[in-house]
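The values are calculated or read from the model by the stated rules, or taken from the named source; none is laboratory data. From a predicted model like this one, the values you see are computed outputs, not experimental measurements. Methodologically, a virtual Cβ is constructed for each residue, glycine included, from the backbone with ideal geometry; neighbour enumeration extends over all protein chains shown.
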Amino acid sequence: MSIVDEQDLRVQLDAVLDAISPPEAPVSAVARKGKVIQAGRSLGIVTGLAIVAGIGVGIPGLFNRPALEVSRARPTVMVQQACTTVPRGGQGTAITPEPAAERAEPRSSADAPRGGRPAPAIAAGGCAWLRP
Amino acid sequence: MDSRTEAEFAEFMRGRWSALVRLGYGLTGDERLAEDLARAALARVYASWPRVLRSGDPDVYLRRIVLNASLGKASGRRVRKRRTGSEPEPETAPAARVGDDRPALVTALMRLPAGQRSVVLLRYWMDMTEAQVAAVLGCSVGNVRSQASRALASLRVGEDAAGEVSL
């Protein structure tokens with residue numbers, strides 16, 4: 001083999017490569033393989049989307065704490081009732097009994113509102129009134 | 001793909017098959033490997049046929065796949081050699097085999113680095129211009145020119161060395 005110049009290389013390449021006689025073009029085999037590649041690509045896209053969706057759903061769940069459990073105990077509601085036995089010129093308020101724990105110590109008469117009924121009476125429930 | 005597109009692809013493939021196998025042979029020095037390369041490249045083209053058609057030049061795309069695949073095989077061989085712990089072979093691995101019955105020019109081509117081999121085949125066998133070769137290989141025209149020049153020099157030196165050995 002001797003290569004003189006570019007033109008000589010062209011001629012020699014033609015001679016060597018044209019001597020190769022490839023078989024018939026395997027169109028159907030190539031098409032089958034191409035379809036497999038296509039299916040693989042589609043599967044990859046679907047998998048990628050599923051991963052992205054999973055991350056989208058999962059990551060907020062990692063950062064958001066679950067809500068604290070709500071107490072199921074019955075709430076205590078204090079209700080004020082309009083007093084019907086208010087003296088003339090006074091302002092009355094109905095008082096409901098306080099919970100037992102808060103009534104442990106009986107109140108003295110000094111605690112009672114001036115001109116009103118003493119505290120034990122208030123604690124027992126009823127009406128208290130204030131002077132105008 | 002509908003039947004019309006399938007027929008288009010079949011026609012395209014039949015028109016390129018022989019040249020592609022020959023290009024593969026020039027790149028690998030092995031006919032079976034060349035057929036495998038051509039088949040794999042055409043299957044990839046089939047898989048994205050509508051996009052390849054839209055690109056306007058399916059041949060560039062096809063040749064690029066073949067060249068990249070052959071370069072990939074060359075680098076794959078180097079990686080495997082490194083993993084086994086032995087000395088990595090040069091890029092021209094499939095080249096000089098003892099008792100090589102391939103034509104001397106093919107053996108000489110196999111001694112070239114894969115990049116130079118690609119330039120030689122595209123430039124001097126496929127008669128592509130330097131700009132076209134640069135477009136296929138994704139490099140500059142200057143790079144193509146220098147690779148071609150080095151390849152020619154190597155082929156001349158290689159031919160001298162081979163001549164000394166064989167004679």
Cβ pairs under 7 Å, 6+ apart, first in the stretch B:140-157 and under 14 Å from A:L9 (Cα atoms), second outside any helix (DSSP H, G or I): B:A151/B:L112; B:S154/B:L112; B:L155/A:I3; B:R156/A:I3
Condition first: within 15 Å of B:R14 (Cβ to Cβ) and not small (G, A, S). Now tell me which residues in the stretch A:1-43 satisfy that. A:P22, A:P23, A:E24, A:P26, A:V27, A:V30
Within the stretch B:44-63, which residues are free of Cβ contacts under 8 Å to residues at least 12 places away in the same chain and within 9 Å of chain A (Cβ to nearest Cβ)? B:A47, B:S48
Residues to consider are B:V45, B:V60; find the one that is under 19 Å from B:Y124 (Cβ atoms) and out of contact with any Cys (no Cβ under 8 Å at 6 or more places or on another chain). B:V60
Selection from the stretch B:55-78 of residues that are surrounded by fewer than 20 Cβ atoms within 10 Å (Cβ to Cβ), polar (S, T, N, Q) and modelled with pLDDT of 80 or more: B:S55, B:N68
Take the residues in the stretch B:10-43 that are farther than 19 Å from B:N68 by Cα and more than 7 Å from every other protein chain (Cβ to nearest Cβ), then tell me which one is surrounded by the most Cβ atoms within 10 Å (Cβ to Cβ). B:F12
